[in-house]
Amino acid sequence: MLSQQKADGELLELYGKMIAIVLLLALLGVLGFRYFGSVNHIAAQGLRIDHTRLLNVLGMIKGQWLAQGRPKEMRLDWDTGISISADKNPTQITSDMNFVKMSSGGWPLPNKLDSAGCEQLWYQLLGLDTASQQVVSVLGQEGDVCSYVANDFDRLGYQLTTGRVIFLTNDKE
């Protein structure tokens, strides 16, 4: 009888451990689904922030364009000068700057009217390197809108002739 009680005790201990493991796995599953669901939402905030950033940059560029006498091409310099190392000479620093074509209304234009030109303009305007953000660039059918699409299909449209920026989102809330 003693061995039967010992076997029952071991079996109950084993069931207790199994129930604890199942509960732990269920808790981790729920937390995992919540985490991966929120990753897409957080990633979508990137284009929302870039929308505000792009509006500010375009306003600043337009002001500089007017102040410089409406040139056909402008140099975009996002370097504050703080991170320039001593081994760079001034001619090398000048050659690293981004030049962008300007429209007659004072809005930045892509160097080429295609998707690659729109993508290059995106990186020039926001001062990003090409690996820092994943957006798909598309030139509109009429060639007057550069659209930037994020992974969650949020879309930012930049009208080349008017400088208008439109942000469209897939929020279902």
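Once fully extended, how much extra length lies between Thr162 and Ala67, figured as 0.36 nm per residue of separation less the alpha-carbon to alpha-carbon distance? Spell out each step's value before the answer.
Working: separation 95, 0.36 × 95 = 34.20 nm, distance 1.88 nm.
Roughly 32.3 nm would be gained on extension.
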For a quick protection proxy, order the peptides 3-13, 157-167, 68-78 by their average other-Cβ count within 10 Å, most packed first. 157-167, 68-78, 3-13
Can you list residues from other chains, or at least 5 along the same chain, whose modelled amide H is less than 5 Å from the amide H of Ser103? Leu109
Modelling each spin label as a point 7 Å along the Cα-to-Cβ direction, I'd like the Leu27/Arg48 distance in nm, to one decimal. 3.1
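A short reminder: the numbers here are calculations on the coordinates, not readings from a lab. Source: prediction; values computed, not measured. All Cβ positions, glycine included, derive from the backbone under ideal geometry; neighbour counts span all protein chains shown.
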